[in-house]
1. May I ask you to verify whether Thr97 is at pLDDT below 80 and over 19 Å from Phe6 (Cβ atoms)?
2. Those residues that are over 15 Å from the mean Cα position of the chain (by Cα) and modelled with pLDDT of 90 or more, I need them from region 1-21; list them, please.
3. Please find, among Thr9, Thr25, the residue that is among the β-branched types (Val, Ile, Thr) and assigned to a helix (DSSP H, G or I).
4. If you check Glu71 against the conditions, is it touching a His at 6+ places or on another chain (Cβ under 9 Å) and either charged (D, E, K, R) or outside any helix (DSSP H, G or I) (or both)?
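The values are calculated or read from the model by the stated rules, or taken from the named source; none is laboratory data. Every value quoted in this text rests on a predicted model; they were computed, and no experiment measured them. As a convention, Cβ positions derive from the backbone with ideal geometry for all residues, glycine included, and neighbour counts pool all protein chains shown.
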Amino acid sequence: MLRGKFGPTVTSQGKRRAWDTISQTINASFPLVVRTGDDCEKRWYVLQSKAKDEIAAHKRESSLTGGGPPEKRLSQVADTVFQVLGHSEVSVTGLPTGIDTSMMQALEMQQR
């Protein structure tokens, strides 16, 4: 639902309800900091963006040749995001002026 494209079965209202449900679950587990559905969604996209950068850098470093020090492991957050998104969702290279399409989707939802 959260990652699906908008259509007859995936609507902005449905995604909003899903984020609100996630925020209720998080708030029940961590009641000292109350988060809204919007807060959780923004946090996810920030984590996702940072993790994609880390994963792409890790892939680039892994493909280099040479006798340097052993490569650094992915952080736990980046590894979890990688497992959620799947291997095909994180590109190694792209256009220098490219934009993260998932961020575009988040911005479009905020403007509605």
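1. On the way: at pLDDT below 80: yes; over 19 Å from Phe6 (Cβ atoms): yes.
It is true that Thr97 is at pLDDT below 80 and over 19 Å from Phe6 (Cβ atoms).
2. Arg16, Arg17, Ala18, Asp20, Thr21, listed by residue number.
3. When all the criteria are applied, what remains is Thr25.
4. On the way: touching a His at 6+ places or on another chain (Cβ under 9 Å): yes; either charged (D, E, K, R) or outside any helix (DSSP H, G or I) (or both): yes.
Here the answer is yes, as Glu71 does meet what is asked.
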